[in-house]
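Note sheet for the following structure.
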Amino acid sequence: MAITLKEVAELAGVSRAAVSRTFTEGASVSAKTRDKVEKAAGELGYSPNMLARSLTTRKTQLVGLVSNNFHNPVFLQIFDLFTRIIQEQGLRPLLVNLSDETDPARSVQLLRQYSVEGVIVATSHLPDGFARAFRDAALPVVHTFGRASEAPDVHVVGIDNVGAGRMAAETLIARGYRRLGFMGGPEQASTTQDRLAGFVAAARARGLEVSASFAGAYSYEAGRTEMGRLLEGPFAEAYFCGDDVLSIGAISAAQEAGLNVPADLGIIGFNDMEMAAWANIALTTIHQPFEAIIRSSIDLIMSSFADLGRLPEVRLFPCHVVERGTLRRLA
């Protein structure tokens, strides 16, 4: 049987109200009483019931973490960071899968059922209406990996994806590639659109054209399928794949076609997920600073709890190229 607050109070020789105050953040309790209660709780193995407390305080400390990209292994890394850091802050994450959801109103209803205190939308390819719907429901919201704008509707934390696309093109051009290809994820994703725009702009500034194609999803199989299709006709010397998992699929397709990466085909990815550094992959890629982005997102959601009228803010973090083994070396 679970140890009750009453049993702790009896062993400590204090009132139940004193036990409750001891385990309530910010409540007033003397050092002597706190010591008694904590000693009794330790002896009995008592832990406060957070769900029961939320009925009294009307504070669930739940943060909704919503996404729709559970097929991409990089999100295991992202969700691990999010959940650990949210818990470090004394909050509780509620992970919600919106992969098949198209109606923002239903998502708002779902999160309200759990009385979340705020929402972090952690994806680039849910329509912007999802983040706005949470805002319109008076829920603090942060769009992590969202598209930056000069007048954002909600807090946005991420990177300059147009700049990342330019960085990829400049990296390929510096290594002597002239026939450049872009293989993005779903065409409607804002990250795909922005990385392509930056990539094309940098290539054209050097008098080069870009062939562009799009995989059906951010997944290994989608990247493998799309690169297999590209290799059936004239193909580029090097490709910027808009995600590491697409890049790994593309490398597999190239190898199956009898090509050597990087001798016959150059590949640069994006994200620098843990798998990209594996010795059998050794993917040259653009590093996205996940931990900085995630910590900043959680900082913004917590700040919004204290200041519900806070104006939306955009926070962007720099990327850099991680050199491994899927591109020619610099001359």
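The values are calculated or read from the model by the stated rules, or taken from the named source; none is laboratory data. Bear in mind that the values here come from a model prediction, so they are computed numbers and not experimental data. Positions of Cβ are generated from backbone atoms using ideal geometry, with glycine treated the same way; all protein chains shown enter the neighbour counts.
For segment 8-30, the set of residues classified as under 26 Å from Gln61 (Cα atoms) and not polar (S, T, N, Q) consists of Val8, Ala9, Arg16, Ala17, Ala18, Val19, Arg21, Phe23, Glu25, Gly26, Ala27, Val29, listed by residue number. In segment 134-153, the residue that is surrounded by the fewest Cβ atoms within 10 Å (Cβ to Cβ) out of those that are in contact with a strand residue (DSSP E or B) (Cβ under 9 Å, 6 or more places away or on another chain) and outside any loop (DSSP other than H, G, I, E, B) is Arg135. Of everything in segment 275-286 that is closer than 16 Å to Cys319 by Cα and not hydrophobic (A, V, I, L, M, F, W, C), the residue that is surrounded by the fewest Cβ atoms within 10 Å (Cβ to Cβ) is Thr284. Out of curiosity, is Arg310 loosely packed, with under 15 Cβ neighbours inside 10 Å, in a loop (DSSP other than H, G, I, E, B) and among the charged types (D, E, K, R)? So Arg310 fits the description; yes. When Val162 is tested against (1) β-branched (Val, Ile, Thr); (2) surrounded by fewer than 22 Cβ atoms within 10 Å (Cβ to Cβ); (3) farther than 20 Å from Thr192 by Cβ, exactly one condition is not met: (3).
Candidates are the residues of segment 1-14 that are exposed (fewer than 12 other Cβ atoms within 10 Å of the Cβ) and not charged (D, E, K, R); the one that is modelled with the lowest pLDDT is Met1. Only one of the listed residues (Val154, Val162) is touching a residue at least 60 places away in the same chain (Cβ under 8 Å) and under 20 Å from Ser190 (Cα atoms). That residue is Val154.
A count restricted to segment 277-294 and to residues that are closer than 20 Å to Leu265 by Cβ and out of contact with any Ser or Thr (no Cβ under 6 Å at 6 or more places or on another chain) stands at 7.
For segment 249-273, the set of residues classified as buried (at least 23 other Cβ atoms within 10 Å of the Cβ) and more than 18 Å from Leu172 (Cβ to Cβ) consists of Gly249, Met273, listed by residue number.
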